[in-house]
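Asker: Following this message is one structure expressed as structure tokens.
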Amino acid sequence: QAQLAESGGGLVQPGGSLRLSCAASGSIFGIYTMGWYRQAAGKQRDLVASISSGGSTNYADSVKGRFTISRDNAQNTVYLQMNSLKPEDTAVYYCTADIRRLGVQTVNKYWGQGTQVTVSS
């Protein structure tokens, strides 16, 4: 199996910063696109940012210029640096990874358990 473990959420004041981390572990052959989604209360889950295995990035318009996604391929870890946080960034943040497991030919999307980010004064 493969698992994703997130850390770094919490409560922050508007204008503040947080850094989320997500590490993949298990019987992994390869990790391809990794990303972060978020889901605010009563709303659908939306893509925040993604990064390919080669480092190409994609961001939601609402976070461009404020959030930065990066990855450490040696550590199977993806990060989300969030700056200039706004109350509307409040949500549960989920990391994802497209993983091919050892001995398996297919690539499947895995999800972390989610971490709460609350932006409030």
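Asker: Can you confirm whether the range 88-101 contains a residue that is open to solvent by 20 Å² or more (accessible area, probe 1.4 Å), part of a loop (DSSP other than H, G, I, E, B) and closer than 16 Å to VAL119 by Cβ?
Answerer: Narrowing the range 88-101 to residues open to solvent by 20 Å² or more (accessible area, probe 1.4 Å): 88, 90, 92, 94, 98, 100-101.
Remaining after also requiring part of a loop (DSSP other than H, G, I, E, B): 90.
If we keep only those that are closer than 16 Å to VAL119 by Cβ as well, we get 90.
Within the range 88-101, one or more residues are open to solvent by 20 Å² or more (accessible area, probe 1.4 Å), part of a loop (DSSP other than H, G, I, E, B) and closer than 16 Å to VAL119 by Cβ.
Asker: Still on this structure: Consider the range 89-121. How many of its residues are closer than 13 Å to GLY26 by Cα and hydroxyl-bearing (Ser, Thr, Tyr)?
Answerer: 1
Asker: In the set ALA49, ALA23, which member is touching a helix residue (DSSP H, G or I) at 6+ places or on another chain (Cβ under 8 Å), under 26 Å from SER121 (Cα atoms) and among the hydrophobic types (A, V, I, L, M, F, W, C)?
Answerer: ALA49
Asker: Let me ask you something else. Pick from GLY42, GLY65, GLY54: which is open to solvent by 50 Å² or more (accessible area, probe 1.4 Å), without any contact (Cβ under 8 Å) to a residue 40 or more places away in the chain and within 17 Å of GLN116 (Cβ to Cβ)? Break it down into steps so the answer makes sense when it comes.
Answerer: Numbers: GLY65 fails: within 17 Å of GLN116 (Cβ to Cβ); GLY54 fails: within 17 Å of GLN116 (Cβ to Cβ).
That would be GLY42, the only listed residue that is open to solvent by 50 Å² or more (accessible area, probe 1.4 Å), without any contact (Cβ under 8 Å) to a residue 40 or more places away in the chain and within 17 Å of GLN116 (Cβ to Cβ).
Asker: Something else: In the range 8-35, which residues are small (Gly, Ala, Ser), under 12 Å from ASP89 (Cβ atoms) and either open to solvent by less than 30 Å² (accessible area, probe 1.4 Å) or free of Cβ contacts under 8 Å to residues at least 12 places away in the same chain (or both)?
Answerer: Selection gives GLY16 alone.
Asker: While we're on this one: In the range 68-113, which residues are small (Gly, Ala, Ser), touching a residue at least 24 places away in the same chain (Cβ under 8 Å) and within 16 Å of SER50 (Cα to Cα)?
Answerer: Within the range 68-113, ALA97, GLY112 meet the criteria.
Asker: Does the range 106-116 contain any residue that is open to solvent by 60 Å² or more (accessible area, probe 1.4 Å), assigned to a helix (DSSP H, G or I) and at pLDDT 95 or above?
Answerer: Pass one, the range 106-116, residues open to solvent by 60 Å² or more (accessible area, probe 1.4 Å): 106-109, 111, 113, 116.
Cutting the leftovers down to assigned to a helix (DSSP H, G or I) gives us none.
No; the residues of the range 106-116 include none that is open to solvent by 60 Å² or more (accessible area, probe 1.4 Å), assigned to a helix (DSSP H, G or I) and at pLDDT 95 or above.
Asker: I'd like to verify a number: residues in the range 68-87 that are open to solvent by less than 50 Å² (accessible area, probe 1.4 Å) and of a type in the set (Ser, Thr, Tyr), how many?
Answerer: 3
The values are calculated or read from the model by the stated rules, or taken from the named source; none is laboratory data. Keep in mind the model is a prediction, meaning the values are calculated, not measured. Cβ atoms come from the backbone with ideal geometry, glycine included; neighbour counts cover every protein chain shown. These accessible areas exclude ligands, DNA and RNA; they are computed on the full protein's heavy atoms, side chains included. Shrake-Rupley method; radii C 1.70, N 1.55, O 1.52, S 1.80 Å.
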